[in-house]
1. Kindly indicate which of Ser359, Ser327 is assigned to a helix (DSSP H, G or I), among the polar types (S, T, N, Q) and in contact with a strand residue (DSSP E or B) (Cβ under 6 Å, 6 or more places away or on another chain).
2. Considering only residues that are crowded, with 19+ Cβ neighbours inside 10 Å and modelled with pLDDT under 90, which ones fall in region 165-194?
3. For region 376-386, indicate whether the set of residues that are in contact with a strand residue (DSSP E or B) (Cβ under 9 Å, 6 or more places away or on another chain), buried (at least 18 other Cβ atoms within 10 Å of the Cβ), of a type in the set (Gly, Ala, Ser) and assigned to a loop (DSSP other than H, G, I, E, B) is non-empty.
4. Is it fair to say Glu244 is assigned by the TED database to the domain that holds Ala356 and either crowded, with 17+ Cβ neighbours inside 10 Å or among the polar types (S, T, N, Q) (or both)?
5. Mind listing just one residue for me: the one in region 114-136 that is touching a residue at least 24 places away in the same chain (Cβ under 8 Å) and assigned to a helix (DSSP H, G or I) and, of those, farthest from Ile168 (Cα to Cα)?
6. Identify, from the list Ile340, Ile344, the residue that is part of a helix (DSSP H, G or I) and either within 28 Å of the chain's Cα centre (by Cα) or of a type in the set (Phe, Trp, Tyr) (or both).
7. Within region 126-142, how many residues are over 20 Å from Lys97 (Cα atoms) and surrounded by 14 or more Cβ atoms within 10 Å (Cβ to Cβ)?
8. Within region 31-43, work out how many residues are modelled with pLDDT of 90 or more and either exposed (fewer than 15 other Cβ atoms within 10 Å of the Cβ) or within 25 Å of Glu227 (Cβ to Cβ) (or both).
Amino acid sequence: MMPMGQYNISNYIKNLLIKIKFIEEGDFKEEHIKTVIMNTIGGNPRSLKRLINSVSLIKLFTGDTKLIETDEEKALSENDQKLLLFSLLCLQIAFPKIYELLTFKPDFTNWDNDLAFQQTRKKEEESKAFEVEFTNAAKTDDFDEEWEQCLFRICYINPRLKPRVIEISKFLTFMKDEFLKDNEDEIGQVIAQVLSKTSVTSVTSTDHGQEYVLPERKGAYSRRFLEDIETFIFDKKQNDNWSEKTLETIEFIYNDMTELFKNKPVEFKFAGGITIYSNKRRTVGIFGKKDNVLLTFLKNFKNGYRVPEIDGLITRHGRKFNRDVRSSTHNAELFVLEQINIEIYKKHKKLIHEFANDSLEIMEKHKDKLLNLEIAGRRSSFFKGKEITNQEESMKIAIRYLSPKHTYDPFKKGQQIEEEE
């Protein structure tokens, strides 16, 4: 994943649009492009490629870039029509469910409780947290109007939309305020006309709103890398039958981690789980089972490779050690937090961020001090930066450092941890 801070996304997109002759220099303000992109597709390379391909396809079907055809469209300048088209394409790619809803009812400023009920059947109110979250949201500028509250309800029950509902609200508000403000009575007609041009790029015919290409495995034990978070969620829902709650938790954590590491040289990879890589080595992992979410981090040599002991959380070594099972030292460098949900994650967010940042620092600056234990005698072990070639010595280290009692209290700052040799 390329962090957004590493390049000017709005200028990059503008130059691509000029290159395919959709706009000319000066047609779009960069701040407008940035607002649309940041609240929809972000810097996802696959989404950016699809965006430009979609614009090119529309140009191919229309024959030119002049969009003015009907009285409703003439209410907008040609540049505003292009900006609206560009914005709706971004919405189609990022949030196909909202795009479908807009197709169904284009005049979004008239979305109301009846529409919300039609879409959700009040399923959102089954959540104990909904009433408080809805009340708090309604006090903000993003959800103080009825149409915004309708949007909140609809997004609340969707694990992909809920974490980004604020961005969706800001996106629709931008459309309303920036280039539909002089045509409030005709918003529905104007949007409907431009939506008709995006139909040639629509792939929202399935319940999932877009098509996903899943690579096939090349052998029973080979990894199958997926393209992005959307494809990952689709795969786990369809093929592994993961619960909505598990997927919602994983996407929430993913979004938080992308924000935490947005200016760091890391790469997110999607396979059996989501793994954050630095220096081509894994640092943090987000994994799931059908009804369980796990987080993995690197053990810290500064506290003697101990596992944190946290009240209310299940923590453990990367793998349960058994001296008679030679492979049980695999993942010795990792510790695991189990049974994570959104509430628990929020409660321990500060501490989890510390674990994540420490893991990145270890991989960037102290990779030589990773705990790598080998008791089968095929390779050397590495302990506190030292190579261990003696199998018996490796076994002694494993017995001590992979014990379930080898823990520490992360909340006791400045505690003296005995160095074990």
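The values are calculated or read from the model by the stated rules, or taken from the named source; none is laboratory data. Since this is a predicted model, take the numbers as computed values, not measurements. Neighbour counts run over all protein chains shown; Cβ positions are idealised from the backbone, glycine included.
1. Testing whether each residue is assigned to a helix (DSSP H, G or I), among the polar types (S, T, N, Q) and in contact with a strand residue (DSSP E or B) (Cβ under 6 Å, 6 or more places away or on another chain) leaves just Ser359.
2. Phe179, Leu180, Ile187, Val190, Ile191, Gln193, Val194 - these are the residues of region 165-194 that are crowded, with 19+ Cβ neighbours inside 10 Å and modelled with pLDDT under 90.
3. No, the conditions are met nowhere in region 376-386.
4. no
5. Here the answer is Lys123.
6. Answer to the check: Ile344.
7. 5
8. 9
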